[in-house]
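Everything below concerns the one structure shown next.
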There are 2 protein chains.
Amino acid sequence: MKQDKISEAVVRRLPTYLQVLYEFERREVVTVSSQELGNELGLNPAQIRKDLAYFGDFGRKGVGYDVLNLIGHIRQILKLNQKINVALVGTGNLGHALCNYNKYSKDNMKIVAVFDENVEKIGKKINHLTVQPMSELKQTVIEQQIRIGIITVPDFAAQAVANQIVEAGVEGILNFAPAVLRVPEHVRVHYADFTKELLSLAFYLESERRNTDGSALD
Amino acid sequence: MKQDKISEAVVRRLPTYLQVLYEFERREVVTVSSQELGNELGLNPAQIRKDLAYFGDFGRKGVGYDVLNLIGHIRQILKLNQKINVALVGTGNLGHALCNYNKYSKDNMKIVAVFDENVEKIGKKINHLTVQPMSELKQTVIEQQIRIGIITVPDFAAQAVANQIVEAGVEGILNFAPAVLRVPEHVRVHYADFTKELLSLAFYLESERRNTDGSALD
DNA sequence: TAGATTGTTAATCGATTAACAATC
DNA sequence: TAGATTGTTAATCGATTAACAATC
């Protein structure tokens, strides 16, 4: 195949492919079939083959995919071979958690600057990073070639922070605040809104707590 | 409409509807049309009407939806009118962040117990909750009627923790670890995996950083 | 009544899956 | 060669959108 416009659904599956491929790598598996990948992820093998074929012919007929090779390709597709600098705004518990996550990442994404509106937080250290005031955002983004901004402020502050991040010239935003952001077209926003996942999970709970009168279905 | 089986896509949109409805409520708006909701959320009005119609006839022709009334209905659908107790496993920064989030929630979901495998963490206080050992999980789940478990442990530990949560009798899991969990059919797993969102965001960045030789497109 | 907006059916669009020739 | 598995086309399935009668 190669080219066509790639759908979002496809792109969103790539990181999970990468994730299980890392696992296969760790187990020193050399070759993997779409069947095996599908098993691991609960996906249809045809879908995996089709997804990968959008980007190139990575497999070998009758054999499967070379694990290391495929990892390389997906990393390339996701641009994880180049360093991607990230700024984080909002140094609450969630912000702290994400800064720490930094350390475990084998990807080239790295939080290189941290900001907060709260004067009391400014100057504090989080790991080796010093919390900066928002007024320094734009200059830091330029100097450090920051391309992605993470928003971990309360929801009422999210839009204002997004505006400043956009104005600073960032290309993508990962928003943890439960709020829909309005940004110009050239900036991409992804949402990491666990409240949505948590509330929708409740829908699938059994309607009534099982009670003790014995009348309930199983 | 009313009934049919409801697709996941529909259910996942309900919390966002709720979110903007809360916003309208705050602004003391009485009535809202699918048009206005769509504007706010970047969704097609027909989709919103259709989504809501799965659950009942909540609107009034020529008028729209009563904000308070619709909030009530969606809360009911998502089971947010009953208290839903939640247990959290893994008291790292992320776990802490989620425990705090607790306070802001106007929903009836509440983290009522916190667990960690690490002996050093046990007995520590997080807000008013005391970190318990995993060995107490099952009994606590039963005693406190806990229905949802949140996993915020490192990815390598996620499956083992999931097994224990399932064994304890929980109905749903929200997993923050970047790992695919295997659980029995009657347990529902939602993923709150921001790494997926972060890595897929990179795909949409411009291929090359703009350079300084002036040859790049704008 | 005239204008607005729902609920729903039909049309469209897109994504997933099945099937299979190509080939390692 | 025989068995396995890809890449891709065609078939299916499902979700989104348009359109409109019903009606507030």
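Only the coordinates and a few stated rules stand behind these numbers; no lab work does. All values derive from a computational prediction rather than experimental measurement. Note: ideal-geometry Cβ built from the backbone for every residue, glycine included; neighbour counts use all protein chains shown.
Calculated from DSSP H runs of 4 or more alone, at -39500 (n - 2.57) each and per residue, what is the 222 nm mean residue ellipticity of chain A, nearest 500?
Roughly -12500 deg cm²/dmol at 222 nm, from the helical runs in chain A.
Pull up the cross-link candidates among the lysines for A:Lys83, meaning alpha carbon to alpha carbon under 19 Å and not fewer than 8 places away within one chain.
A:Lys103, A:Lys106, A:Lys110, B:Lys196
Counting other beta carbons within 10 Å of each residue's own, what order do B:Arg27, A:Arg13 fall into, fewest first?
Sorted ascending by nearby Cβ count, the order is B:Arg27, A:Arg13.
Out of residues 5 or more away from A:Val189 or on other chains, whose amide H comes under 5 Å of its own, with H placed 1.01 Å from N in the peptide plane?
Close amide H contacts, sequence-distant or interchain: A:Ile173.
Quick one: B:Asp155, B:Asp57, B:Asp116, fewest Cβ neighbours within 10 Å first, how do they rank?
Listed from fewest to most nearby Cβ atoms, that is B:Asp57, B:Asp155, B:Asp116.
In whole Hz, what ³J(HN,Hα) sequence does segment B:92-100 give by Karplus (6.51, -1.76, 1.60; θ = phi - 60°), x for Gly and Pro?
Whole-Hz 3J(HN,Hα) from phi for segment B:92-100: x, 4, 5, x, 4, 4, 5, 4, 5.
If one computes the Cα centroid of segment A:156-189 and of segment A:83-138, what distance in Å separates the two points?
Answer, in whole Å: 16.
Using θ = phi - 60° and the Karplus curve 6.51 cos²θ - 1.76 cosθ + 1.60, what whole-Hz ³J(HN,Hα) does each residue of segment B:115-127 get, with Gly and Pro shown as x?
10, 8, 7, 6, 4, 5, 7, 5, x, 5, 9, 10, 6
Counting other beta carbons within 10 Å of each residue's own, what order do A:Glu136, B:Glu171, B:Glu8 fall into, fewest first?
Neighbour counts put them in this order, fewest first: B:Glu8, A:Glu136, B:Glu171.
Counting pairs of alpha carbon atoms under 8 Å apart in space and at least six apart in sequence, what relative contact order in percent does segment B:8-77 give?
38
Please report Rg over Rh for chain A, where both radii come from the alpha carbon positions and Rh follows the Kirkwood definition.
Here the Rg-to-Rh quotient is 1.06.
Can I get the semi-axes of the protein assembly as shown's equivalent ellipsoid? Compute them from the C-alpha gyration tensor as square roots of 5 times the eigenvalues, in angstrom, largest first.
33, 28, 26
Please state the charge dipole magnitude for segment A:1-111, taken about the Cα centre, from unit charges on C-beta atoms (+1 on K and R, -1 on D and E), reported in debye and rounded to the nearest 20.
It comes to approximately 280 debye.
Pop out the ³J(HN,Hα) list for segment B:135-142 in order, Karplus 6.51 cos²θ - 1.76 cosθ + 1.60 with θ = phi - 60°, rounded to Hz; leave Gly and Pro as x.
So the Karplus estimates, Gly and Pro as x, are 4, 8, 4, 4, 5, 5, 4, 5 Hz.
For B:Ile6, which inter-copy label distances result when the label point lies 7 Å beyond Cα on the Cα-to-Cβ vector, reported in nm to one decimal and in ascending order?
Inter-copy label distances (nm, one decimal, shortest first): 3.4.
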